[in-house]
Amino acid sequence: MPPLLQASGIVKQFPGTLALDRVQLDLYPGEIHAVVGENGAGKSTLMKILSGVYTADAGEILFEGRRVTPSTPREALQLGIAIVYQELSLVPPLTVAENIFPGRLPTNWLGFVKYGQLFRDARRVLDDLDVHIDPRALVSDISIANQQLVEIAKALSQNCKVLILDEPTSALTEREVEILFSLLKRLAAQGVGILYISHKLDEIFRLSDRITVLRDGQYIGTVKTAEATTDMIIRMMVGRELGSMYPAKADEIGQPLLEVRDLRLPGSSAKINLVLRAGEIVGVAGLIGAGRTELARAIFGVDPITEGQILLDGRPISISSPSEAIQHRIGYLPEDRKAAGLFLDMSVKWNIESVNRPAVTSYGFVNPNREAELARQYISRLEISTPSIEQEVRRLSGGNQQKVLVAKWLAIRPRVFMVDEPTRGVDVGAKSEIHHLLRELATAGVAVMMISSELPEILGLSDRILVMHNGAIVAELDGHAATEEQIMHYASGQAAVAV
Ligand SMILES: Nc1ncnc2c1ncn2[C@@H]1O[C@H](COP(=O)(O)OP(=O)(O)OP(=O)(O)O)[C@@H](O)[C@H]1O
Ligand SMILES: [Mg+2]
């Protein structure tokens, strides 16, 4: 059988970055082909070239044996190549249905949109996906996970022959991942070729037929998944062996720093009590909707606290806004970097100093040398891959954007640091760097609270684990002894009645 898609010698140069250097890739009908590599390896760039977002500087793309040069996403779609982007591309003020059929709304002879039909069509596409989202809902009102599913529905509604998914599961729950995987397998069985980008190697091993590895814009190789091992893929990706995955846990835990007393989250009747101590990493586990992010937001002053109290160093404090939290040197790295964390149109430098103006200001003026020094310091500490401190954050790869966000919060030198899904979208190497960094912070006396949906991360890093369910802390487990089964047991609410 001839390949459906065959790319060879693909070159893409951005100012200051050779993103792709003679890269090749082929895809057969019915194949699920994973593309992996560290942050900035060129995966998204390659996919954007195949789907007409960028044009390659050199190289050739054959589609069903014919040479093609899709120069817009619309042209690629007409060929049958659809893409689900790494960063969501939906239009929040419009309905789910309008987002699924952009530019293809059914209209009557007067040109008015036939909403009845639109909603019915959208319902059918969503039903096929087995997702339960109201086609009439506004995208701005649904969760990130659901937005991701709408994005996939949008791509699937176009009867594509090649479906490209760029980190589609980073915001999905396990159940949603299962739905997506069975859908992808069904599509592959129908002959669709699927290109699948992910940093989650376990997913890739479960799902893919072949794996192509990129490193620093170079093509490293393609292997059959059945003949590959995790170690082998990691070695191809990073070009070296990775040390032990998780840093050692704390020997010694210090004084209580932050205490939460009888806090009640909106919509819950439970009262939350917790203590974060200097030197420890407290993992907060739970399913989506358990109230983990709401807890962090309440402590950080994003949402007003209606009931309960927060103490710092044993003294009650009132935090009614994030800037007050920052004054107390409490940092919060939010889960949704695009909406809440980063200013995509601003430079790396600007983002790093954005919550940290005093450090770069003297006598009321911004000191450019200090500004540059601060940025350089964190770029090198976190190994952020960027051609300069002036680069717009939008132009960095997804994982490097995440590192800029981490840098921004480290720059306030937090005493209490809350991180929400800190390694979402970052590669194995950078992930391990972030883990070591969080441990370093703890060792230096910071109280770290880490919200994560990845159980291995919670278990690997936490000294203590809090499990949330329905707005309440339903269990506190020892980070040395806890197991995934235990956490899931409490997170799913099975034990909630007994507490
Ligand atoms: N529009 C752009 N302008 C300038 N440089 C860019 C642009 N898009 C990507 N780059 C650079 O090209 C390189 C490859 O980026 P790309 O987004 O393809 O990486 P990736 O493999 O998808 O990484 P990640 O896993 O972090 O998403 C990076 O160094 C990135 O900074
Ligand atoms: Mg990418």
Subject >> From phi via Karplus (6.51, -1.76, 1.60), per-residue ³J(HN,Hα) for region 70-75 in Hz, x at Gly/Pro >> reply: x, 10, 9, x, 5, 5
**OP:** May I ask you to evaluate 6.51 cos²θ - 1.76 cosθ + 1.60, the Karplus curve with θ = phi - 60°, for each residue of region 42-59 and list the ³J(HN,Hα) values in order in whole Hz, giving x for glycine and proline?
**Re:** x, 4, 5, 4, 4, 5, 5, 5, 5, 9, x, 6, 10, 10, 6, 6, 8, x
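Classify region 222-294 as rounded, prolate or oblate, taking a ≥ b ≥ c as the square roots of the eigenvalues of its Cα gyration tensor: rounded when a/c is under 1.5, otherwise prolate if a/b is larger than b/c and oblate if not. Working shown, then result.
Details: a/c = 5.40, a/b = 1.91, b/c = 2.83.
Verdict is oblate for region 222-294.
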**OP:** Give me the angle, in degrees from 0 to 90, between the Cα long axis of helix 115-128 and the longest principal axis of the Cα atoms of the chain, rounded to the nearest 10.
**Re:** 80
Original post:
Can you list the HN-Hα couplings for region 311-323, worked out from phi with the Karplus curve (6.51, -1.76, 1.60; θ = phi - 60°), rounded to whole Hz and with x for Gly and Pro?
Top reply: 10, 10, 6, x, 10, x, 10, 10, 10, 10, 7, x, 5
**OP:** Once you have the Cα-Cα distance between Glu383 and Leu344, take 0.36 nm times their residue separation minus that, and quote the gain in nm to one decimal.
**Re:** 12.1 nm
Subject >> Square roots of five times the Cα gyration tensor eigenvalues for region 1-101, Å >> reply: 23, 19, 13
**OP:** Set the Förster radius R0 to 45 Å, insert the Cβ-Cβ distance between Phe205 and Lys114 as r into 1/(1 + (r/R0)^6), and round the FRET efficiency to 0.05.
**Re:** 0.50
**OP:** Scan around Val192 for amide H atoms under 5 Å from its own, H built in the peptide plane at 1.01 Å from N, and keep only partners 5 or more places away or cross-chain.
**Re:** Gly30
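How would Thr483, Thr225 line up from fewest to most surrounding beta-carbon atoms within 10 angstrom? If you can, show how the numbers build up before the last one.
Working: Thr483 11, Thr225 17.
Placing the least packed residue first, the sequence is Thr483, Thr225.
Using DSSP loop states and a limit of at most 12 other Cβ atoms within 10 Å to flag chymotrypsin sites (Phe, Trp or Tyr not before Pro), what is the longest stretch of the chain containing no flagged site?
Details: sites that count: Trp109, Phe112, Tyr363.
The answer is 113-362.
If the chain between Ala189 and Thr173 were fully stretched, how many nm would it gain, using 0.36 nm times the residue separation less the Cα-Cα distance? Kindly include the intermediate steps, with their values, before the conclusion.
On the way: separation 16, 0.36 × 16 = 5.76 nm, distance 2.43 nm.
Working it through step by step, the gained length comes to 3.3 nm.
Give me the net charge for the shell around Gly331: Cβ to Cβ below 10 angstrom, other residues only, Lys and Arg +1, Asp and Glu -1. Working shown, then result.
Numbers: positive: Arg329, Lys408, Arg413, Arg415; negative: none.
With Lys, Arg at +1 and Asp, Glu at -1, the net is +4.
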**OP:** Take the Cβ-Cβ distance between Ala372 and Met232 as r, set R0 to 30 Å, and report the resulting FRET efficiency rounded to the nearest 0.05.
**Re:** 0.15
Original post:
What angle, in degrees between 0 and 90 and rounded to the nearest 10, separates the Cα long axis of helix 174-189 from the longest principal axis of the Cα atoms of the chain?
Top reply: 10
**OP:** Quickly estimate the mean residue ellipticity at 222 nm for the chain, helices only: each DSSP H run with n ≥ 4 gives -39500 (n - 2.57), and the total goes over all residues, rounded to 500.
**Re:** -9500 deg cm²/dmol
Original post:
Taking neighbour Cβ counts within 10 Å as the exposure measure, how do Asp134, Asp420, Asp166, Asp128 sort from fewest upward?
Top reply: Asp128, Asp134, Asp166, Asp420
Original post:
Check Leu4: other-chain or 5+ apart residues with amide H under 5 Å from its amide H, H built from backbone geometry?
Top reply: Leu27, Tyr28
Original post:
So which GluC sites (Glu not before Pro) in region 181-280 are both in a DSSP loop and have at most 14 other Cβ atoms within 10 Å of their Cβ?
Top reply: Glu241, Glu252
Original post:
Net charge near Met468, counting Lys/Arg +1 and Asp/Glu -1 over other residues with Cβ under 12 Å of its Cβ?
Top reply: -1
Original post:
In region 123-218, which trypsin sites (Lys or Arg not before Pro) fall in coil by DSSP and have 15 or fewer other Cβ atoms within 10 Å?
Top reply: Arg136
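Just to check, using Stokes-Einstein with a Kirkwood Rh over alpha carbon pairs, what's the diffusion coefficient of the chain at 10 °C and 1.306 mPa s in µm²/s?
Numbers: Rh = 24.2 Å.
For these conditions, the coefficient is 66 µm²/s.
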**OP:** Project the alpha carbons of region 401-447 onto their principal axes and report the range along each, largest first, in whole Å.
**Re:** 27, 18, 15
Subject >> Met449 long-range amide H proximity, modeled H, under 5 Å >> reply: Val282, Phe417, Met418, Val419
Original post:
Taking a quarter of the surface of the Cα convex hull of region 5-238, what do you get in nm²?
Top reply: 13.3
Subject >> Descending principal axes extents, region 341-412, alpha-carbon based, whole Å >> reply: 36, 23, 20
**OP:** Express in nm, to one decimal, how much length is gained between His489 and Asn273 on full extension, taking 0.36 nm for each residue of separation and deducting their alpha carbon distance.
**Re:** 75.7 nm
Original post:
Nearest 10 degrees, 0 to 90: what angle lies between the long axis of helix 144-156 and the longest principal axis of the chain (Cα atoms)?
Top reply: 0
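Values quoted throughout were computed directly from the atomic coordinates according to the rules given, and no laboratory measurement underlies them. Note that this is a predicted model, so its numbers are computed, not measured. Reconstructed Cβ throughout: ideal geometry from the backbone, glycine too, with neighbour counts over all protein chains shown.
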